[in-house]
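So the structure is just underneath, and the comments pick up after that.
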Amino acid sequence: MNLNLKDKKIFNSFKYAFEGILSSLKTEKNMKFHMLAMILVIILGIYFKINKVEWCICIICIVLVISTELVNTAIETVVDMICPEKNDKAKLAKDVAAGAVLVLALGAIAIGLIIFLPKVLALF
């Protein structure tokens with residue numbers, strides 16, 4: 001397969017993006033947790049036969065949480081490269097980025113409870 005330069009750049013950009021996701025999954029325990037949560041949501045969604053709107057909401061939550069975790073990992077990595085010694089501003093940058101993930105994850109949990117809790121309770 002002969003790719004021109006533009007096609008190679010596009011191909012490489014996808015390749016590097018997937019490498020970043022896999023690298024984060026291998027090195028970040030929070031990313032592993034988010035992926036497990038994603039699998040659980042998908043299993044629950046299939047089991048409870050959630051509707052299209054509920055699927056869309058779940059997918060948006062999953063994408064936002066995982067994307068924010070990836071950005072957080074990137075911020076932490078860059079901060080560690082630039083400032084390997086202890087620094088109050090570096091700590092603040094890392095803490096704020098982690099806080100963004102936490103806020104989004106808590107919101108996603110609240111949405112998940114709104115969608116799934118009535119369905120789980122209906123089983124009893």
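Values as computed for the structure displayed
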read-out: For the chain: relative contact order, % (alpha-carbon pairs under 8 angstrom, 6 or more apart); value: 25
read-out: Distance cut-off 22 Å, percentage of C-alpha pairs in the range 10-124 lying past it; value: 45
read-out: Selected from E69, E85, E54 as most flexible by GNM, with the chain as the system and alpha-carbon contacts under 10 Å; value: E85
read-out: Stretchable slack from V103 to K29, in nm (0.36 nm times residue separation minus alpha-carbon distance); value: 24.9 nm
read-out: 21 Å Cα-Cα reach of K86 towards lysines, excluding residues that sit fewer than 8 places from it in its own chain; value: K94
read-out: Calculated [θ] (222 nm, deg cm²/dmol) that DSSP helices of n ≥ 4 give over the chain, each run adding -39,500 (n - 2.57); value: -31000 deg cm²/dmol
read-out: Linear extension gain, I59 paired with L121, 0.36 nm per residue minus alpha-carbon span; value: 20.1 nm
read-out: Kyte-Doolittle at least 1.6, axis length at least 24 Å by Cα - qualifying DSSP helices, the chain; value: 52-82
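Any read-out appearing in this document is the output of simple, stated calculations on the displayed coordinates, not a laboratory observation. Note that the structure is predicted; figures quoted are calculated from it, not measured.
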